[in-house]
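*Asks:* My structure is below; once you've seen it, I'll send some questions.
The values are calculated or read from the model by the stated rules, or taken from the named source; none is laboratory data. Bear in mind the structure is a predicted one, so any value in this text is a computation, not a measurement. Cβ placement follows ideal geometry from the backbone for every residue including glycine, while neighbour counts extend to all protein chains displayed. Surface areas here come from the heavy atoms of the whole protein model, side chains and all, with no ligands, DNA or RNA. Shrake-Rupley method; radii C 1.70, N 1.55, O 1.52, S 1.80 Å.
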Amino acid sequence: KAGVTQTPRYLIKTRGQQVTLSCSPISGHRSVSWYQQTPGQGLQFLFEYFSETQRNKGNFPGRFSGRQFSNSRSEMNVSTLELGDSALYLCASSFEARGTDTQYFGPGTRLTVL
Amino acid sequence: DAKTTQPPSMDCAEGRAANLPCNHSTISGNEYVYWYRQIHSQGPQYIIHGLKNNETNEMASLIITEDRKSSTLILPHATLRDTAVYYCIVRPRGGSNYKLTFGKGTLLTVNP
């Protein structure tokens, strides 16, 4: 089975712009979670989608949003980029994301905001 | 979620077993112990998980103490490619908590 794929792998934007990142889960997985990783804050949960619905949300401002499509693919959007949004954005998929479901991570998208 | 404590760093000689400890003294009965690792700038890689019995797969073994307050991840024959940050995570078996809460992990350096 193919793993979780994320596109693009690298992205450079300037302050004030917006960005959209894409995640394709493992085939058959219906849950997609997004995480942000920075040197200062480590890995932090952004949100989780299941069957096109956001079920869980982390403590991030409204500039961070996401959606999931009927084929389980997911996108996250960051509007009005700030320098502090520079990070590795990780997507993880699982069958249902309940406690017994293992989450598998993609390679991440490295976002640099100038 | 129960909090975990891991040493910030450990060294291991190539070919030897690497034993990574994790303390989770506040773990509750319905919480699993998960281990992931992250090689520099890559996505975290799932290693193994368990509830109360010891577990083994092709990558590692997980030893959970009888009181479940601590666990040890064992890489039986460490290689240079095992150099990574290892995260021990406690996660509820069910409910509506779908996220993984990562701590700072243990940086394992495998030396030639």
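*Asks:* Counting partner chain Cβ atoms within 10 Å of every residue's Cβ in A:41-49, what's the average?
*Replies:* On the way: counts 0, 7, 12, 3, 5, 1, 2, 3, 1.
That works out to 4 on average.
*Asks:* On to the next question. In Å², and per residue, what accessible area does the stretch A:35-87 have when probed at 1.4 Å with the other protein chains present?
*Replies:* I get 48 Å² per residue for the stretch A:35-87.
*Asks:* Also: How big is the A/B interface in buried accessible area, both sides summed, 1.4 Å probe, to the nearest 100 Å²?
*Replies:* 1700
*Asks:* Suppose we flag trypsin sites (Lys or Arg not before Pro) only when DSSP calls them loop and at most 16 other Cβ atoms lie within 10 Å. Which is the longest uninterrupted stretch of chain B?
*Replies:* After excluding every exposed loop site, the longest remaining stretch is B:17-51.
*Asks:* Sort A:57-65, A:77-85 by the packing proxy (mean of other Cβ within 10 Å over each peptide's residues), most packed first.
*Replies:* A:77-85, A:57-65
*Asks:* Okay, next question. Would you please give the FRET efficiency between residue A:5 and residue A:79, computed as 1/(1 + (r/R0)^6) with r the Cβ-Cβ distance and R0 = 35 Å, to the nearest 0.05?
*Replies:* Once the sixth-power term is evaluated, E becomes 0.90.
*Asks:* Taking N as the number of residues in the stretch A:1-95, what is its alpha-carbon radius of gyration divided by 2.2 N^0.38 Å? Working shown, then result.
*Replies:* Numbers: Rg = 12.8 Å, N = 95, 2.2 N^0.38 = 12.4 Å.
Normalised Cα radius of gyration, the stretch A:1-95: 1.03.
*Asks:* Here is a further query. Could you work out the local net charge near residue B:60, counting Lys and Arg as +1, Asp and Glu as -1, over the other residues with Cβ closer than 15 Å to its Cβ?
*Replies:* Values: positive: B:16, B:37, B:81; negative: B:55, B:58, B:82.
After counting each charged neighbour, the total is 0.
*Asks:* Largest first, how would B:102, A:69 line up by accessible area (1.4 Å probe)?
*Replies:* Putting B:102, A:69 in descending order of accessible area: A:69, B:102.
*Asks:* At most 15 other Cβ atoms within 10 Å and a DSSP loop assignment: could you name the GluC sites (Glu not before Pro) in the stretch A:1-80 that fit?
*Replies:* On the way: sites: A:48, A:52, A:75; in loops: A:52.
Passing both the DSSP loop test and the Cβ count: A:52.
*Asks:* So, one more: Please find the FRET efficiency linking residue B:10 to residue B:59, where r is the Cβ-Cβ separation and R0 is fixed at 22 Å, and quote it to the nearest 0.05. Before the final figure, lay out each step's value.
*Replies:* Values: r = 17 Å, r/R0 = 0.78.
Computed FRET efficiency for residue B:10 and residue B:59 comes out at 0.80.
*Asks:* If you don't mind, there's one more thing I want to ask. By a straight-distance test (C-alpha under 15 Å), which aspartates and glutamates pair with residue A:57 as possible cross-link partners, with residues fewer than eight away in the same chain excluded?
*Replies:* A:48, A:75
*Asks:* Shifting gears a bit: If the rule is a partner Cβ under 4.7 Å, which cysteines in the protein assembly as shown fail it?
*Replies:* Among the cysteines of the protein assembly as shown, those whose Cβ sits 4.7 Å or more from every other are B:12.
*Asks:* Here is a follow-up. Compute the label zone of residue B:111 within the stretch B:1-31: residues whose backbone N is under 20 Å from the point 7 Å along Cα-to-Cβ.
*Replies:* In the stretch B:1-31, the label zone of residue B:111 (backbone N under 20 Å from the point 7 Å along Cα→Cβ) covers B:7-21.
*Asks:* In whole Hz, with x marking every Gly and Pro, tabulate ³J(HN,Hα) for the stretch B:16-26 from phi via Karplus 6.51 cos²θ - 1.76 cosθ + 1.60, θ = phi - 60°.
*Replies:* Once θ is set to phi - 60°, the couplings for the stretch B:16-26 become 8, 6, 9, 10, 9, x, 8, 9, 9, 5, 9 Hz.
*Asks:* May I ask you to find the residues of the stretch A:76-114 that are shielded by at least 40 Å² of accessible area once the whole protein assembly is considered instead of their isolated chain (probe 1.4 Å)?
*Replies:* A:99, A:100, A:102, A:103, A:105
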